[in-house]
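Please treat every number below as a calculation from the coordinates, not as lab data. All values derive from a computational prediction rather than experimental measurement. In this analysis, Cβ positions are derived from the backbone assuming ideal geometry, glycine residues included, and neighbour counts consider all displayed protein chains.
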Amino acid sequence: MTINNLLTKAATDLVEAITLGLGQANLLRQTGQWLAQSLTDGHAIFLCGNGGSAAEAQHLAAELVGRFGMERPALPAQALSTDTSILTALGNDYGFEEVFARQVQAYGRPGDVLWGLSTSGRSPNVLKAFAMARRKGLKTLFMCGHEVVDPEVADVIIPAQVVATPRIQEIHLFFGHLLCQMVEELIFKGPGA
């Protein structure tokens, strides 16, 4: 496959994935409103994922704590993949499947939000974090691939309607950016935004 063919195929696949994602506009709008209300009520957002999804979790947390598109006060968000001492201690002492659940247990409060990302929808440490979040009374948001393994795993599930991992990650970032923008506009410009 030539570079031009590769570029054309990747772009075509991404446009198709975004077009399919437009079918979830109501779900995205409701989720943006739900996240904005949680933050307005004084709750925090915790994000988690592995590999590229960990990088996206960090990226989205930075958009909320910093800014997305406007100057405004910081919003409380934290990626659970960033503290290497905690990750390595928990991985060593409890196993890698517990690295996010243990942090949710430590930091999460009822009404906070756990936002997990998993391209496969099967990441054991993300799923265990959701189970802990449920026990602690957190709200849960799951961005996964096209296959929803367990429809009861989270309060809100936003699947990417594609199969290829790179396209799933791109859709997660696209949806994540939309949610950050909605949160900002709803909190700082008001419901008519």
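Any idea what the dipole of the chain comes to, in debye rounded to 20, about its Cα centre with Lys/Arg Cβ at +1 and Asp/Glu Cβ at -1?
220
Tally Lys and Arg at +1 and Asp and Glu at -1 over the other residues with C-beta under 14 Å from the C-beta of Val15: what net charge comes out?
Computed value for this residue: -1.
How would you rank Val104, Val149, going from fewest to most other Cβ atoms within 10 Å of each one's own Cβ?
Going from least to most buried by this count: Val149, Val104.
Considering the options Ala164, Ala101, Gly145, tell which one lies farthest towards the positive end of the dipole of segment 96-169, charges being +1 on Lys and Arg and -1 on Asp and Glu at the Cβ, about the Cα centre.
Of the candidates, Ala101 comes out farthest on the positive side.
How large is the helix-only mean residue ellipticity at 222 nm for the chain, computed as the sum of -39500 (n - 2.57) over DSSP H runs with n ≥ 4, divided by its residue count, in deg cm²/dmol to the nearest 500?
After summing the helix terms and dividing by residue count, I get -18000 deg cm²/dmol.
Figure the gain on full extension for Tyr94 and Gln181 (residue separation times 0.36 nm, minus the Cα-Cα span) and round it to one decimal in nm.
27.6 nm
Would you mind ranking Asp83, Asp41 by Cβ crowding within 10 Å, fewest neighbours first?
With the fewest neighbours first, Asp83, Asp41 line up as Asp41, Asp83.
Using the Karplus curve 6.51 cos²θ - 1.76 cosθ + 1.60 with θ = phi - 60°, work out ³J(HN,Hα) for each residue of segment 47-61 in order, rounded to whole Hz, and write x for Gly and Pro.
Once θ is set to phi - 60°, the couplings for segment 47-61 become 10, 8, x, 10, x, x, 5, 5, 5, 5, 4, 5, 4, 5, 4 Hz.
Got a sec? How would Ile187, Ile171, Ile3 order by Cβ neighbour count within 10 Å, fewest to most?
Lowest to highest Cβ neighbour count: Ile3, Ile187, Ile171.
Rounded, prolate or oblate: which one fits segment 59-112, using the alpha carbon gyration tensor with axes a ≥ b ≥ c (rounded when a/c is under 1.5, else prolate when a/b beats b/c, else oblate)?
Cα axes put segment 59-112 in the prolate bin.
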